[in-house]
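Report on the structure given below.
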Ligand code: KG4
Ligand code: ZN
């Protein structure tokens, strides 16, 4: 049998510090430290995020190694998120990974965060994996894309948002309602008790497979302001119905484009990825399309939806198999296209 491969993954692109260890595609540890400091500010404060990463990174990595029950000398490579993300946050994970790889004398692997979200589907667990080619709806706080995935590292963006991301739409709607950051999970929670047809919001008319959420945000803000002017308690009295209605609108926008893409490409292998794929109603509706449209639907385990290093480690594992390493000169990229050539430093 060939030698096994053990990869340490490091994720620090936004406000979660995470380290994971994968051995031959199987997760041994996946530790995520969230940064609660941002709740006070209603959004991620980049300067505070990078400071918190600096504090968290060593304990998080130490915990991952301990939980995996391995010695650091058993690591074969370190895979780190190079971008896209907040520069100050990326710098912490990148610098840590370089130093640790240098100290252990093992190779470095640079990872595109958005590829990581998609390849989270290939973590070896007891669930079916999509077969190539498949479509992936990648919905996070910074991105909304429909991606045609032809192979592990052959991905084509078929459509994307021209303004806000779907996660941003959730978070901004929550902020307008006075809910803390990140609002997506709270809208999900309150929507469970609400009527999705209680309020109607205008959906954008955007060409082809692209998305737009900024008009919906403005419409939602005007609606809340107008209703609150008539009844100061409007939001508190109708919280669950408002959450269910705005959530239903966002999901409708996402799924109508996904259905269009599936039809155009004649593909029935459909996956979702990114933080918003943790949304319970989106997961439910996608599952119901299995029968309706004969789709094979792939939904990541909850902990692999939002930012985590397991997805970075599994992507690193597949790059390791291709001998795709980077050198110590690699710098983080705040903007990093899904298909960018990675041999430029
Ligand atoms: O992928 P992610 O963890 O970080 C980025 O790369 O952006 O995504 C974070 C986004 C946030 O906007 C958050 O509100 C949203 O995912 N999110 C959700 C849910 N859980 C996280 N949105 C709706 N429903 C959820 N259950
Ligand atoms: Zn993400």
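Among the candidates 112, 105, 150, which residue alone is modelled with pLDDT of 95 or more, surrounded by fewer than 16 Cβ atoms within 10 Å (Cβ to Cβ) and assigned by TED's automatic domain parsing to the domain that holds residue 20?
Numbers: 112 fails: surrounded by fewer than 16 Cβ atoms within 10 Å (Cβ to Cβ); 150 fails: assigned by TED's automatic domain parsing to the domain that holds residue 20.
Exactly one of 112, 105, 150 is modelled with pLDDT of 95 or more, surrounded by fewer than 16 Cβ atoms within 10 Å (Cβ to Cβ) and assigned by TED's automatic domain parsing to the domain that holds residue 20, namely 105.
Would you pick out the residues in segment 214-257 that are outside any helix (DSSP H, G or I) and touching a helix residue (DSSP H, G or I) at 6+ places or on another chain (Cβ under 8 Å)?
Our first condition is that a residue be outside any helix (DSSP H, G or I); within segment 214-257, this holds for 231-233.
If the condition is that a residue be outside any helix (DSSP H, G or I) and touching a helix residue (DSSP H, G or I) at 6+ places or on another chain (Cβ under 8 Å), then 231 is the only one that fits.
Listed residues 11, 74; which is surrounded by fewer than 18 Cβ atoms within 10 Å (Cβ to Cβ) and either in contact (Cβ under 8 Å) with a residue 60 or more places away in the chain or more than 18 Å from residue 308 (Cβ to Cβ) (or both)? Even if it seems obvious, please write down each step before you answer.
Numbers: 11 fails: surrounded by fewer than 18 Cβ atoms within 10 Å (Cβ to Cβ).
Residue meeting the stated conditions: 74.
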Check: Does residue 253 fit the bill of being within 14 Å of ligand 1 (Cβ to nearest atom), in the same structural domain as residue 140 (by TED's automatic domain parsing) and touching a residue at least 40 places away in the same chain (Cβ under 8 Å)?
Finding: yes
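Which residue out of 111, 78 is under 19 Å from residue 320 (Cβ atoms) and more than 16 Å from ligand 2 (Cβ to nearest atom)? Give the steps one after another, and end with the answer.
Details: 111 fails: more than 16 Å from ligand 2 (Cβ to nearest atom).
Matching residue, one of 111, 78: 78.
Need at least 1 residues that are touching a strand residue (DSSP E or B) at 6+ places or on another chain (Cβ under 8 Å) and farther than 17 Å from residue 209 by Cα per element, so show me which strands (runs of 3 or more DSSP E) inside segment 117-165 make the cut, counting only ones lying wholly within it. Spell out how you get there, then give the answer.
On the way: elements: 134-139, 144-151, 154-160.
The qualifying strands (runs of 3 or more DSSP E) are 144-151.
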Next item on the list: Would you please name the residue that is farthest from ligand 1 (Cβ to nearest atom), looking only at residues in segment 263-277 that are in a helix (DSSP H, G or I) and either surrounded by 23 or more Cβ atoms within 10 Å (Cβ to Cβ) or not assigned by TED's automatic domain parsing to the domain that holds residue 135 (or both)?
Entry: 277
Check: When you look at residue 319, is it at pLDDT below 95, in contact with a strand residue (DSSP E or B) (Cβ under 9 Å, 6 or more places away or on another chain) and more than 13 Å from ligand 1 (Cβ to nearest atom), yes or no?
Finding: no
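Only one of 88, 141 is away from ligand 1 (no atom under 14 Å from the Cβ) and buried (at least 18 other Cβ atoms within 10 Å of the Cβ); which?
88
Suppose we filter 79, 49 for residues that are more than 16 Å from ligand 1 (Cβ to nearest atom), buried (at least 23 other Cβ atoms within 10 Å of the Cβ), within 20 Å of residue 334 (Cα to Cα) and within 19 Å of the chain's Cα centre (by Cα); which single one remains?
When all the criteria are applied, what remains is 79.
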Next item on the list: Hey, can you tell me all the residues within segment 185-224 that are within 10 Å of residue 243 (Cα to Cα) and surrounded by 17 or more Cβ atoms within 10 Å (Cβ to Cβ)?
Entry: 186, 187, 188, 190, 191, 194, 196, 199
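Identify all residues within segment 1-23 that are more than 16 Å from ligand 2 (Cβ to nearest atom) and closer than 13 Å to residue 65 by Cβ; write none if there are none. First the steps, then the outcome.
Quick first cut of segment 1-23, residues more than 16 Å from ligand 2 (Cβ to nearest atom) only: 1-8, 21-23.
Within segment 1-23, 6, 7, 8, 21, 22, 23 meet the criteria.
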Item checked: Flag if residue 172 is surrounded by fewer than 18 Cβ atoms within 10 Å (Cβ to Cβ), within 16 Å of ligand 1 (Cβ to nearest atom) and in a helix (DSSP H, G or I) -> no
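The values are calculated or read from the model by the stated rules, or taken from the named source; none is laboratory data. Note that this is a predicted model, so its numbers are computed, not measured. Ideal geometry is used to build each Cβ from the backbone, glycine not excepted, and the neighbour counts take in all protein chains shown.
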